[in-house]
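Read the structure below first, then the notes.
Only the coordinates and a few stated rules stand behind these numbers; no lab work does. Because the structure is a prediction, the values reported are computed rather than measured. Please note: Cβ atoms are built from the backbone with ideal geometry, for glycine as well, and neighbour counts cover all protein chains shown.
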Amino acid sequence: MTTETLCGDFYTHCFQAEQDKEHEGRLIINMGPQHPSTHGVLRVIVEMEGEYISRAEPVIGYLHRMHEKMGEIKTYHQYMPNMGRVDYLHALAWNWAYIGAVEKLCQIEVPRRAEFIRVITCEMNRICSHLVWWGAYLLDLGAFTPIMYSFDDREQAVDLLQMITGSRLTYCYYRFGGVRTDINDAFIAGTRDFCKLMKSRLPMYKDLVTDNYILRKRCEEIGVLPLEMARRYGATGPVLRGSGQKYDVRRAEPYSVYPELDFEIPAFPEGDAMARYRVRVAEMEQSVRIIEQSLNMLPQGDFMAPKSPKRIKPPKGDVYFAVEGARGKIGVYIISDGSSTPYRLKLRSPSYSNLSLFAELAKGTLLADAVSILGSLDLVIPEIDR
Amino acid sequence: MNLLGEIREAIKGFYSLAVGMGVTGKYFFRPEVTVHYPRKTVDNVSTYSGHVELQPGKKNPDGADCIVCGTCVRNCPSGCLTLEVLELMEENPDLEKKPKKIKKLKALIYDYSYCSLCGQCIENCPVTALGFSQHVYWAEFDRKAIKMDLVARLKDQLNAKKEAM
Amino acid sequence: MKTSENLLEGLDICAQTRCRYEQCGCVTAVFLDQVQLRAAASRLFEAGYHIEDVTGVDFAEGIEVIYHFDHFDHPVDYPARVTLRVLTDHESPEVPTISDIFSGAGWHERECFDFFGVTFSDHPQFRPLLLPAEFDQHPLLKPEKNRESLYAFLGACEPVKPVKGERYHFEASVEAPVEAQKTPEALASSDTGQSRSEKA
Ligand code: SF4
Ligand code: SF4
């Protein structure tokens, strides 16, 4: 063996060892873990054949915090703040997944007003998440201006969420049996204004970016993900819907008051990066619709179940609860042994499954397109690593 | 692709560019939306939850209402609160009965660097002695400086208020 | 669509339980021997299921590997989550891989190895994923005294298939709590599967 094989770490060695004999001379490079287009600390090892990727392997775990172990140590109440930190862009969906799972386990009733508040805030947060993705993705592709607009809009939404949750990013707002604080008139008025604003901004986004010729060239027919492959990998969320499957947990496994709300599930059959892009933009539109409807339907009443338990001691058993996050199906699986801490707590994060298909998807693409593909998967590394 | 197609593509490209530039141009004349931070600050900090602090008491206006029950310490997921209790003997004891012990809050040590601002301590306090502060623009060079005694902080705040009056 | 209950018809399964979706979020849980796992997974794959996750739980009887599957096009009021459960022992935990059937399982299995030390035989890229390669411990394994019996957690579900098998010993342990549970409410719920399919 030459000294060459001694370079790199464990993963590089494994990657090298899997190299075909006839391709031995091919260049192996590391993209990341501090590559700006990997949104955090994702590392991808790629084997290049000229400008084309012949093999790729994502290496993750740089942000691993073992949330699942923490879940076994902390009480049900104490684990709540962890949920805001799994996926910082759509923290409220994770809040909801966990709270919902425990509520299901303990059969806690949630007042209707609280359900609507949850829907409103969760959808607001979804818009925030998509806006960040939108800006960051375009930044990956080399367009600097859009992120300025998207952060401007996101700022409005974050200000509104701050008004009721007190935080701006890592929310810890939902509680067993309701939400922490009620929403006020200022929030409702502000949210209505925000919906109006978004409705005027989305056409602008279309003019500025979606119709842009350069963007289309960077996205169309790039990273085509067939539906069959998406299913094989368990991809969910916009990645799956970009392959034409209308699957959304809000409709497939209805929770909360979503069945009463009228919204569509955007899906585009092309399966390329552009389709995923379109799904997310269309989803923002739908979220605005959901928020407006929920504001109109918002009932009076409690925002917290009056009999919500101060200490949670669920009965023995297991529960799986899934919600639709901005990146796909978020699942929380809890096995309770009847004590005040879970026996086992499993977090199913959508980006994890979505990233696992990258190795297959990136095969044979240009390195520059791999950046576009990675961006179009909308990865949030803390959520992948948990 | 033939030549005609190429030309059509190019025109489409230029057109989309012009539309985009149009948007940018329009926004160029809109008022500025950013705040130049150290020179100016945003005005909505009143809704922000900063670190945890003891609130001036309703029953005890010179200090906090805290009854030293320890609920906040037990409920904190990150273990950032520590109680220091002063145990006093009851003043003017009833001579027949055994003198009662009174627990008094000496210090409530709070380590902001561990706090996740979840609000468990605040919600669980039986006398709502704790609350979120609006102390937002706070930066320190030393990690130890953000570990503080909430009782002392409250005292300082109350004194400052008195002086201002 | 086949209901998830007769989906695995003909396979030699140890036990199957029908679960209340409202309570535990899945419709059926199937307890399998390791030899049947791949066959069951192929059935699910052909029936159009997708993989949600693979995870483990450390019980007193051994490490149980849990697979969750769901379906994209199930009727709205008939959720389709299917759980497969395979038991392996503490000494040399090993389960056949299904990553060639469901490619997405590959990473979940590697994660399962990180956390529990379960080896998935014939996995093409079997190496640590989330934890560093030098770290040779498995953080989600419990100390022996904290392990609980797997049967303690099965009370909420109702067995629908004869229970047998080498590794799972249901006969005595499961039947009792279920009988005790047969309140009118539990009985009513036991045929929700039927009423749901009538609705659909
Ligand atoms: S807000 Fe949460 S983390 Fe901070 S001191 Fe209170 S309980 Fe502890
Ligand atoms: S919970 Fe409230 S009353 Fe009890 S020790 Fe903490 S601050 Fe004091």
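Within segment C:20-46, being within 14 Å of another protein chain (Cβ to nearest Cβ) and assigned to a helix (DSSP H, G or I) holds for C:Tyr21, C:Glu22, C:Gln23, C:Cys24, C:Ala41, C:Ser42, C:Leu44, C:Phe45, C:Glu46. Taking segment C:102-128 as the range and being more than 20 Å from A:His64 (Cα to Cα) and in contact with a strand residue (DSSP E or B) (Cβ under 7 Å, 6 or more places away or on another chain) as the test, the residues that pass are C:Phe102, C:Thr119, C:Phe120, C:Ser121, C:Asp122.
Name the strands (runs of 3 or more DSSP E) wholly inside segment A:1-120 in which the number of residues that are under 17 Å from A:Ile381 (Cβ atoms) and within 13 Å of another protein chain (Cβ to nearest Cβ) is 2 or more.
Fully inside segment A:1-120 and qualifying: A:43-49, A:52-59.
Condition first: touching a residue at least 40 places away in the same chain (Cβ under 8 Å), out of contact with any Pro (no Cβ under 7 Å at 6 or more places or on another chain) and surrounded by fewer than 20 Cβ atoms within 10 Å (Cβ to Cβ). Now tell me which residues in segment A:41-57 satisfy that. A:Met48, A:Glu51, A:Tyr52, A:Ser54, A:Glu57 - these are the residues of segment A:41-57 that are touching a residue at least 40 places away in the same chain (Cβ under 8 Å), out of contact with any Pro (no Cβ under 7 Å at 6 or more places or on another chain) and surrounded by fewer than 20 Cβ atoms within 10 Å (Cβ to Cβ). B:Ser46 meets each of the listed conditions (1) within 16 Å of ligand 1 (Cβ to nearest atom); (2) under 18 Å from the mean Cα position of the chain (by Cα); (3) within 11 Å of chain A (Cβ to nearest Cβ); (4) not basic (Lys, Arg) apart from (1).
Scan segment B:117-163 residue by residue and report those that are of a type in the set (Gly, Ala, Ser) and either within 10 Å of ligand 1 (Cβ to nearest atom) or part of a strand (DSSP E or B) (or both).
Correct list: B:Gly119, B:Gly131.
Highlighted here are the helices (runs of 4 or more DSSP H) found entirely within segment A:279-386 that include at least 1 residues which are facing another protein chain (nearest Cβ under 10 Å): A:350-356, A:358-361, A:381-385. Please go through segment A:234-243 and give me each residue that is within 11 Å of another protein chain (Cβ to nearest Cβ) and either touching a strand residue (DSSP E or B) at 6+ places or on another chain (Cβ under 8 Å) or surrounded by fewer than 21 Cβ atoms within 10 Å (Cβ to Cβ) (or both), ordered by number. If the condition is that a residue be within 11 Å of another protein chain (Cβ to nearest Cβ) and either touching a strand residue (DSSP E or B) at 6+ places or on another chain (Cβ under 8 Å) or surrounded by fewer than 21 Cβ atoms within 10 Å (Cβ to Cβ) (or both), then A:Gly234, A:Ala235, A:Thr236, A:Leu240 are the ones that fit. For segment A:75-98, name all the residues that are over 21 Å from C:Cys19 (Cβ atoms), more than 15 Å from ligand 1 (Cβ to nearest atom) and aliphatic (A, V, I, L, M). A:Val86, A:Leu89, A:Ala91, A:Leu92, A:Ala93 - these are the residues of segment A:75-98 that are over 21 Å from C:Cys19 (Cβ atoms), more than 15 Å from ligand 1 (Cβ to nearest atom) and aliphatic (A, V, I, L, M). For segment B:115-133, the set of residues classified as facing another protein chain (nearest Cβ under 10 Å) and touching a residue at least 40 places away in the same chain (Cβ under 8 Å) consists of B:Cys115, B:Leu117, B:Cys118, B:Gly119, B:Gln120, B:Ile122, B:Asn124, B:Phe132, listed by residue number. For A:Pro146, the conditions (1) within 16 Å of ligand 1 (Cβ to nearest atom); (2) more than 27 Å from B:Val136 (Cα to Cα); (3) not aliphatic (A, V, I, L, M) all hold with the exception of (1).
Against the numbered list (1) within 15 Å of ligand 1 (Cβ to nearest atom); (2) within 23 Å of A:Pro309 (Cα to Cα); (3) surrounded by 13 or more Cβ atoms within 10 Å (Cβ to Cβ), B:Cys80 comes up short only at (2).
Could you go through segment A:212-231 and let me know if any residue there is more than 17 Å from A:Ser376 (Cα to Cα), surrounded by fewer than 24 Cβ atoms within 10 Å (Cβ to Cβ) and within 11 Å of chain B (Cβ to nearest Cβ). Yes, there is a match, as at least one residue in segment A:212-231 is more than 17 Å from A:Ser376 (Cα to Cα), surrounded by fewer than 24 Cβ atoms within 10 Å (Cβ to Cβ) and within 11 Å of chain B (Cβ to nearest Cβ). Counting residues in segment B:92-114 that are within 16 Å of ligand 1 (Cβ to nearest atom), in a strand (DSSP E or B) and free of Cβ contacts under 8 Å to residues at least 40 places away in the same chain gives one or more.
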